[in-house]
Amino acid sequence: MPKEKMVPPQYKKGGLHGPPNDKIAHHFLHQKVQKIKGYKYPGVIVCVFYTLDGNVRYVVEADHPSFRGMLHIFSDADLEER
């Protein structure tokens, strides 16, 4: 008997769709940003992507001398332009 093919969850129940209109990216690649609340995390956006639920996420690479090169993932509400 042949093995059953596995189907990724995002392709089940109607297939893969784009993000909802209210979940658009408000920042862009190579934009200088920092975290809004709590500790300041100054850096540059190196990746913008959508989660399987359609939420926008940003990978920010720190450019502060103390922790340069560290990567962190943030949501749209966590960041502001600097």
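Taking a cut-off of 18 Å between Cα atoms, list the aspartates and glutamates near residue 23, but don't count ones fewer than 8 places away on the same chain.
53, 76, 78, 80
Leaving ligands, DNA and RNA out of it, work out the accessible area of residue 66 with a 1.4 Å probe and give it in Å² to the nearest 10.
90
Step through the residues of the range 61-66 one at a time and calculate ³J(HN,Hα) from phi using the Karplus curve (6.51 cos²θ - 1.76 cosθ + 1.60, θ = phi - 60°), rounding each to whole Hz and writing x for Gly and Pro.
Here the 3J(HN,Hα) series is 9, 5, 10, 6, x, 6 Hz.
The values are calculated or read from the model by the stated rules, or taken from the named source; none is laboratory data. Because the structure is a prediction, the values reported are computed rather than measured. Side chains included, ligands, DNA and RNA excluded: accessible areas come from the protein's heavy atoms. Shrake-Rupley method; radii C 1.70, N 1.55, O 1.52, S 1.80 Å.
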